[in-house]
Every structure is written in structure tokens, then in C-alpha cells.
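The values are calculated or read from the model by the stated rules, or taken from the named source; none is laboratory data. Because the structure is a prediction, the values reported are computed rather than measured. Heads up, the Cβs are rebuilt from the backbone with ideal geometry, glycines too, and the neighbour counts pull from every protein chain shown.
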Amino acid sequence: MKSGYKVRKQGNSLMVSIPKHIQQLLNVNEGDYIDFVILKNGTVKVINAADHIGIEDKKLEKLSERFNVTEEQVKRSISDNQDKIGFVKNLNE
């Protein structure tokens, strides 16, 4: 019996399907973003990208109001641009 999950090629990328129970643990749905965090010991941690943007709820609410967008849109924008933003939390601990 094989264990693990099969890696497939789609275009120029390699893909792995996320099993339903892992989707539920990560609280992700189609269209959401996940991130891979490499820990100091070499372990790769899969996380919901929206969970680690490093912004407090109060600040998120203020940004949402300021730019007249939903909090989810603010999270998505920050996640999409985290390499350019200095205040994103570093999880490589």
C-alpha cells in the first residue's frame, strides 16, 4: 500500500491535492491561499496564508474602513504582497 499523496504536474507547476480533513483543519476553500513555512529544523509547515499576515483585528478593521473594502480583501492584498511589506509576521521560528 502506498502512503502519502501523489505529486502531479499541471502546466509548469507541481500539484498535490489537499485532503478534505486537512482543508478543514486549515480552514481553506477553493480560491484561498496557503503558505509553506520552512522551520529552522527543516520541517515544512503548511498554513492558511490569511492566518499569519501579522496584523491585529483592530488594525485590520481600520484598514478595511479606510479603503472601503472587506477585511478579507485586506488580508488577501497583504498576503499577495507580503514580500514587499515590512510588517508581516515572520513565522520561521
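Could you give me the residue pairs with C-beta distances under 8 Å whose first residue belongs to region 1-16 and is under 20 Å from Val46 (Cβ atoms), whose second residue is of a type in the set (S, T, N, Q) wherever it lies, and which are 6+ apart or on separate chains?
Listed by first residue and then by second, the contacts come to Tyr5/Ser17.
Return the residue satisfying two criteria in turn: it lies in region 1-38 and is surrounded by 11 or more Cβ atoms within 10 Å (Cβ to Cβ), among the hydrophobic types (A, V, I, L, M, F, W, C) and part of a loop (DSSP other than H, G, I, E, B), and of such residues it is farthest from the chain's Cα centre (by Cα).
For region 1-38, the residue satisfying everything is Val16.
Filter region 47-92 for residues that are modelled with pLDDT of 80 or more and in a loop (DSSP other than H, G, I, E, B) and give the result.
Across region 47-92, the qualifying residues are Phe67, Asn68, Val69, Thr70.
I'd like to know if region 24-32 contains one or more residues that are β-branched (Val, Ile, Thr) and at pLDDT below 85.
The answer is no, given that none of the residues of region 24-32 is β-branched (Val, Ile, Thr) and at pLDDT below 85.
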